Amino acid sequence: MGAALGRLVPGPLRDPSQRPALLGWLGVGLAVRFLLMPFAVSGDLLAVYWRSHLIAWHGEVFGSYLVNMGAHYLHALWLWVASPLLPPSETVWTHPWWWSDSSALAPQFERAFATAPHALQTLFVLKVPYLIADVAAGLLLLALVADRAPTLARRAWAFWMLSPIGLYASFVFGRYEAMAVVLVVAALWACERERPWLGAVLLGLAITVRGYPLLLVPVFAFVAVRGLRRNLAWGALALLPFALVMASNKLMAGNVGELARLKDFHTGSTFFAYSIPVDGVGAISVFFAFAFALYGAVVGRALGWWGRRVELADLWLWLLVLHMGMFALATFSAHYFMWLTPFVALLIARRPRWRGVLPLHLLQVLVVLVIADLVGGPGTLSGLFSPVDPDLAGAWPNLRELLLGSGVADRLVGLLRTAFLVLSLLLVWPVLAELHDGARPAEGRDREPDGGGDEQRPQRGECPGVAQPAKG
């Protein structure tokens, strides 16, 4: 039993020479997370848990918002498991909620929650599932880079422990992005270990938690397995959990929910935000033009239409490009940007010669948070710390209120979106060059910039850091 559990620990953590530094970064990361968890709250966090408490304690679903139901079931399960650590349900989750007039009522509910005697304890407990998912994603990433030089694996691990947008998304804004991220990373891990069908199931579960992994299915399906029938079967298996959730929605609430509901919310229009008008009906969506082109390139490579065949070792690079285009060519809330962070960690460890990765990503994060402050005001940054002091959190300067009515804010947001697009292009440029036929490094090898250990890229059927963990 002990040996089996030991094999679940990533190789670097079993290596006595690497373990102390990795545990040190883990300790720093946990300390920062513990410090943030009880002192920040958002209306989004409370809304998700309010809907989930209906499932946990009332045996019903919130029928007018049947979206991301896998996440809601996980939240409901946690409410049931953690109930001894929480105040009575009726003390925390009042009825009715703020749905009838959210813009007016949400701040009142947030303030009442933040000033309640149980606020700090409750917030800490409510965020524990995000902590578990976040650390689990980090461990999977460590397993994925275990075959790299110890310094490279340590850099990726340190980045994950202190990722600014990861900390913001899960422990300040309090959203469940880490639940989807860990499943996407697990799907990649399974595929790189030559367990593609397990990867399909894991990606399918990710789709029930967050809708965006739907966009990843074609890439996974045509890279993880070979042969058109197997490609289609992989995609069908990945979509099965999502179909089952929609069927259960129909049975319990009378409508399928999920994608059928997105048309009623702003979230559903973000992928169509960048468009080219045409003379007539039907503007061209820039993001979907990019996505269709990427799918076509992957499918064409997989079917041998042009260039070298797509390789399993390149799966993470194709996924990185798709994620980068997703954010560069669509509008999004700041917490969604956590979806990209696993691929930044992999770039840090697997492509050390690309020294611009971390600086460019940190600039992206800065731009994203400034846009959030300009568009959302205190409700996206300073105001989230109302459990510390509601009056101070609301009075802290923010760009939205400073520039309100000046006519500058909209122009500044446009400039920032432009800067983000350019930063994304700069970051993804070497990835596109490598994926282009014949552009990969000679012999598939790379080295650290300082002349350190080799970085061997695994070929299909090869994943040394996972399939052959380090001894010790």
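The values are calculated or read from the model by the stated rules, or taken from the named source; none is laboratory data. If you're wondering where the values come from, they're calculated on a predicted model, not measured in any experiment. We place every Cβ from the backbone using ideal geometry, glycine too, and count neighbours over all the protein chains shown.
Here the helices (runs of 4 or more DSSP H) wholly within the range 95-191 that include at least 1 residues being more than 27 Å from Asp15 (Cα to Cα) and in contact with a Leu (Cβ under 7 Å, 6 or more places away or on another chain) are 102-114, 119-126, 128-144, 164-167. Could you please let me know if Leu381 is hydrophobic (A, V, I, L, M, F, W, C) and either surrounded by fewer than 19 Cβ atoms within 10 Å (Cβ to Cβ) or over 21 Å from the mean Cα position of the chain (by Cα) (or both)? No: the conditions fail for Leu381. Within the set Phe337, Phe343, the sole residue that is among the aromatic types (Phe, Trp, Tyr) and either free of Cβ contacts under 8 Å to residues at least 60 places away in the same chain or under 20 Å from Leu435 (Cα atoms) (or both) turns out to be Phe343. Residue count for the range 372-410, restricted to those that are of a type in the set (Ser, Thr, Tyr) and in a helix (DSSP H, G or I): 1.
For Leu26, indicate whether it is assigned to a helix (DSSP H, G or I), in contact with a helix residue (DSSP H, G or I) (Cβ under 8 Å, 6 or more places away or on another chain) and surrounded by 16 or more Cβ atoms within 10 Å (Cβ to Cβ). Yes; evaluated as a whole, the condition is true for this residue.
Every residue, every condition in (1) surrounded by fewer than 14 Cβ atoms within 10 Å (Cβ to Cβ); (2) at pLDDT 85 or above; (3) not polar (S, T, N, Q), yes or no:
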| site | (1), (2), (3) |
| --- | --- |
| Asn249 | no, yes, no |
| Glu258 | no, no, yes |
| Phe265 | yes, no, yes |
| Gly268 | no, no, yes |
| Ala283 | yes, yes, yes |
| Phe287 | no, yes, yes |
| Leu294 | no, yes, yes |
| Val298 | no, yes, yes |
| Gly304 | yes, yes, yes |
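Is it the case that some residue within the range 281-300 is among the small types (Gly, Ala, Ser), closer than 30 Å to Asp134 by Cβ and assigned to a helix (DSSP H, G or I)? Taking every residue of the range 281-300 in turn, at least one turns out to be among the small types (Gly, Ala, Ser), closer than 30 Å to Asp134 by Cβ and assigned to a helix (DSSP H, G or I). Entry remark, the range 37-76: residues being among the hydroxyl-bearing types (Ser, Thr, Tyr) and at pLDDT 95 or above number 3 in total.
Please go through the range 123-162 and give me each residue that is basic (Lys, Arg) and over 28 Å from His72 (Cβ atoms), ordered by number.
First, pick out the residues of the range 123-162 that are basic (Lys, Arg): 127, 148, 154-155.
Within the range 123-162, Arg148, Arg154, Arg155 meet the criteria.
Among the residues of the range 310-356, those identified as of a type in the set (Ser, Thr, Tyr) and modelled with pLDDT of 95 or more are Tyr336, Thr341.
Here is a yes/no grid of residues against (1) of a type outside the set (Ser, Thr, Tyr); (2) under 26 Å from Ala313 (Cβ atoms); (3) touching a residue at least 12 places away in the same chain (Cβ under 8 Å):
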position	(1), (2), (3)
Leu167	yes, no, yes
Ser170	no, no, yes
Arg175	yes, no, yes
Val182	yes, yes, yes
Val185	yes, yes, yes
Pro196	yes, yes, yes
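Determine whether Val413 is modelled with pLDDT of 95 or more, farther than 15 Å from Tyr168 by Cα, β-branched (Val, Ile, Thr) and assigned to a helix (DSSP H, G or I). Please lay out each step first, then the result.
Working: modelled with pLDDT of 95 or more: no; farther than 15 Å from Tyr168 by Cα: yes; β-branched (Val, Ile, Thr): yes; assigned to a helix (DSSP H, G or I): yes.
Spelling it out, it is not the case that Val413 is modelled with pLDDT of 95 or more, farther than 15 Å from Tyr168 by Cα, β-branched (Val, Ile, Thr) and assigned to a helix (DSSP H, G or I).
Whenever a residue of the range 408-423 is under 20 Å from Pro359 (Cβ atoms), its partners that are buried (at least 16 other Cβ atoms within 10 Å of the Cβ) and not hydrophobic (A, V, I, L, M, F, W, C), lying with C-beta atoms within less than 6 angstrom and at least six residues away or across chains, give the pairs Leu423/Gln364.
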